[in-house]
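Take a look at the structure below.
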Amino acid sequence: MRILTMRRLATTAALASLLLVAACGSSGSSSPTGSASKSGSSTSQTVTVAVPGDITNFSPFTDYLIEYRYAIFNTVFDPLVKYTPNLGISADLAASYSSNANATVWTFNLRHGVKFTDGEAFNAAAAIASLKEAVSTKSIFAAPLATVTSYSAPSPYQLVIKLSAPYAAFLDGLAEVAMVAPNTLSTAQKTPVGTGPFKFVSWTPNSQIVLARNDSYFGAKSAYKSLIFKPVTDPTVAMTDLDAGDVDIVANVPTSVTKQLNASQAKVVQPPTSNALELIEFNSSGKLGNPLVRQALAYALNKPAVNQIAYNGQGTLTWTPISPSSFAYQNEAGYTYNLAKAKSLLAQAGESHLSLSLIMPTGYPDAQQLGRVWQASLSQIGVTLNVDVLPLSTWLTKYVGVDYDMSWNTFNASADPNSFFSIIMPGHKKDFHNAQFYSEITQGVSVTNQASRAAVYRTLQNTLVSQLPVMIVMRTPILSVASTKVSGYALNPLGWGLYTDVKVG
């Protein structure tokens, strides 16, 4: 979902990140901060954000839900290195970093004087504890740590990581690994404690998550004291709440909602570019074990119609998960809408009167519109498509178990071409059996020469499109809406809200 996004929505080691969430609930009581009045002050001390769903697991290692990235990862935690607004890499808790010539020994010089919000000191020992926790929980974000042979702390504020082989996307991967207070690693699913610009206060299930400004934060601090996230699954309801002044920002909205904005009350906020991918993930076994059938389904998807109906023409049609701006991008012709060709391929595969289901989580009207467009086309060639809109928890259970014919998903890819292949594809090892393909995914990060990497990703893109374990539908617009009273709010290309500079009033 966005994953996700990765709305980036596997197994514990292969969920997208996407919409995905590990289910481990907790209860909490609402803080008085949550009901702070916004009246009587020229600048509000509370910023309230509507997000598409609730968060029930607060661990940055095992929650892959895109809502989590909106609300918790980017506010409560810091990584060693972070994405810049353009998805470059810059220092964060590591004030500086360097590697040896073949990128197998990385040295991070950590910031001095930083503390977790529970008072624990952040240092090399704390960083090592978080990195090891990411591995032990089999987090999808631990992929860059798979080749680590040792962690060491030559001094309290210097961390050295040695790898058995180069990992080309090492820094890109570390930007997804949060630093968690060591004494809270075992309780992070219920109470997240980091070093970020905000600290966790409370969670009231299906109501709100309350964060408070971290006045000891080492970086820029917000002008307001409280940041509240409210789960609102229906974007129309979220917009009504914004119009009523109950929320200041709606973190993610479909294109259809933006057409109805009252410009005197609200404005659209979007990043300069979008890395959000809309996906159809196939169960490449059973009914869809024959790639000819998957290709037929691809020919039967009218992408231009989906783009126009669901995204008002703002999406970018593509068959590859890699951005055109990447050194590894290869244009793939894919499957132009052609029902005659689709019907012919089904006949070659010996399929007739095929009945399939497409599952998707509730709260994503864009996905439902795709389902309706595809459903209508498939019916013309004798294929029955049942679109099953499921509660998030039900969808997740089926997604993790690959208990579906097809699943809609969305994934927000980082700048490195490895992103999609290392996060989305490992979950398909149980249904898409292609040892060479998975070996090439490993090869893509084991070589550091850019030309060599590009050659590997050309092969991967070709296999992805020809075999279709996952079909890339398009790059979708990332849209958020803010009250006209809000200033300083921005999004990065992954759709993460940048809240520190926000002011309301």
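The values are calculated or read from the model by the stated rules, or taken from the named source; none is laboratory data. In this text the structure is predicted, and so the values were computed from the model without any measurement. Positions of Cβ are backbone-derived with ideal geometry, glycine not excepted, and every protein chain shown enters the neighbour counts. Protein only, heavy atoms only, side chains kept; ligands, DNA and RNA dropped before computing areas. Shrake-Rupley method; radii C 1.70, N 1.55, O 1.52, S 1.80 Å.
Here Lys199 is the anchor, and the lysines within straight C-alpha reach of less than 25 Å, apart from those fewer than 8 places off in the same chain, are Lys38, Lys82, Lys115, Lys132, Lys190, Lys221, Lys225, Lys230, Lys485, Lys503.
With protein chains left intact and a 1.4 Å probe, residues in the chain average 36 Å² of accessible area per residue. Evaluating 6.51 cos²θ - 1.76 cosθ + 1.60 at θ = phi - 60° for every residue in the range 167-175, the Karplus couplings come out as 10, 4, 9, 4, 5, 4, x, 5, 5 Hz, glycine and proline recorded as x. Taking every DSSP bridge with both residues inside the chain, close to 75 percent are antiparallel.
How long is the gain from Val447 to Asn462 if the chain were fully straight, where each residue apart is worth 0.36 nm and the alpha carbon distance is subtracted? This chain segment gains 3.5 nm when fully extended. What is the calculated FRET efficiency for Lys430 to Ser90, with r their C-beta to C-beta distance and R₀ = 35 Å, to the nearest 0.05? So, using R0 = 35 Å, E works out to roughly 0.40. Close amide H partners of Val247, meaning residues 5 or more places away or on another chain with modelled amide H under 5 Å apart, are Leu242. When the surface is traced with a 1.4 Å probe over the full set of protein chains, Tyr157 keeps roughly 60 Å² accessible.
Taking 20 Å as the straight-line reach from the Cα of Lys429, the lysines in range (excluding those fewer than 8 positions away in the same chain) are Lys138, Lys287, Lys398. Classify the range 306-386 as rounded, prolate or oblate, taking a ≥ b ≥ c as the square roots of the eigenvalues of its Cα gyration tensor: rounded when a/c is under 1.5, otherwise prolate if a/b is larger than b/c and oblate if not. Oblate. Modelled this way, with points 7 Å down the Cα-to-C-beta line, the labels at Asp118 and Ser150 are 3.0 nm from one another.
How big is the gap, in Å, between the Cα center of the range 59-81 and the Cα center of the range 178-211? Taking the Cα centre of the range 178-211 as reference, the centre of the range 59-81 is 10 Å away.
For the range 250-297, which trypsin sites (Lys or Arg not before Pro) are both in a DSSP coil and crowded by at most 16 other Cβ atoms within 10 Å? Answer by residue number: Lys259. Classification of the range 395-500 by its C-alpha gyration tensor yields an oblate form. The axis ratio a/c (a ≥ b ≥ c) is 1.5 or more, and b/c is at least a/b.
At the listed q of 0.17 Å⁻¹, the Debye profile of the range 253-390, built from one uniform point per Cα, gives log10 I(q)/I(0) equal to -1.03. The trypsin sites (Lys or Arg not before Pro) of the range 439-498 meeting both criteria, a DSSP state outside H, G, I, E and B (loop) and at most 16 other C-beta atoms within 10 angstrom of the site's C-beta, are Lys485. For Asp388, the residues whose amide H sits under 5 Å from its own are Leu358, Ile359, Met360, ignoring neighbours fewer than 5 places away on the same chain, with H placed 1.01 Å from N.
Close amide H pairs (under 5 Å, H built 1.01 Å from N) link Asn492 with Leu498, residues at least 5 positions away or on another chain. Taking 7 Å steps out from each Cα toward its Cβ at Ser164 and Asn109 produces label points 3.2 nm apart.
The Rg/Rh ratio for the range 42-178 is 0.99, where Rg is the radius of gyration of the alpha carbons and Rh is the Kirkwood radius.
Multiplying the residue separation of Lys503 and Val268 by 0.36 nm and subtracting their alpha-carbon distance yields 83.0 nm.
Share of the range 187-240's accessible area from carbon and sulfur, percent, 1.4 Å? In the range 187-240, the share of accessible area belonging to carbon and sulfur is 49 percent.
In terms of its C-alpha gyration tensor, the chain has an oblate overall shape, because the principal axis ratio a/c (a ≥ b ≥ c, square roots of the eigenvalues) is not below 1.5 and a/b does not outweigh b/c.
Among the trypsin sites (Lys or Arg not before Pro) in the range 111-212, those placed in a DSSP loop whose Cβ has at most 16 other Cβ atoms within 10 Å are Lys138.
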